[in-house]
Amino acid sequence: MLLQSEIMAAQSISKTEAEVARKLGVSFMTYRKYAKMYGVYGRVSNGPCKGVSKPIKNEDAGKYPLNQILEGKFPNYSTNRLKVRLIRSKRIEPKCAKCGFCESRLSDNAIPLLLNYIDGNTKNKKFENLELLCYNHFFLNVNNPFGRRKTFIASEDIVQRDSDVQIEVSPETGNETI
Ligand SMILES: [Zn+2]
């Protein structure tokens, strides 16, 4: 049982909703349940996600310009590099498209999000086909029987390497192309 006052106190000293849960010593789901019950959920993560503050470089230049990748010009480009560049160039907000989860890991400041191809085709790198998902929603989405085929044969590998954010979603696109 969480009190509204406890929740609000923890929110006032946290940067993300996930951090609030940690400060309260409960799971994210438990925290969210109570925060929603009291109508105070979302007060923290309304602001922009913190955690990615590297200097901005021009991602639309170089051998694989990001704008051309997002027009579908380089279908074999690495999923992981694409994810990093999307976040770095601020084209995509570093948070889960379904639940807004955006906590960065304290250990290395990386954000545990996976790039999802909405139509299930990992070669379709057009911007409108891309979204970031947290691990929970990535697996929910991949395992959705009414959704699309299980094309992610690397999923077992992902489970084993849960703490490693540098994950290739597709073995086909796993090659570093830069
Ligand atoms: Zn999520």
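For this structure, a couple of remarks:
- The stretch 13-60, residues that are under 30 Å from Asn124 (Cβ atoms) and at pLDDT 90 or above: Glu59, Asp60
- Count of the stretch 29-47 residues which are in contact with a Lys or Arg (Cβ under 9 Å, 6 or more places away or on another chain) and surrounded by fewer than 18 Cβ atoms within 10 Å (Cβ to Cβ): 2
The values are calculated or read from the model by the stated rules, or taken from the named source; none is laboratory data. Everything numeric in this text was worked out from a predicted model, so none of it was measured. FYI the Cβ positions are ideal-geometry reconstructions off the backbone, even for glycines, and counts take in every protein chain you see.
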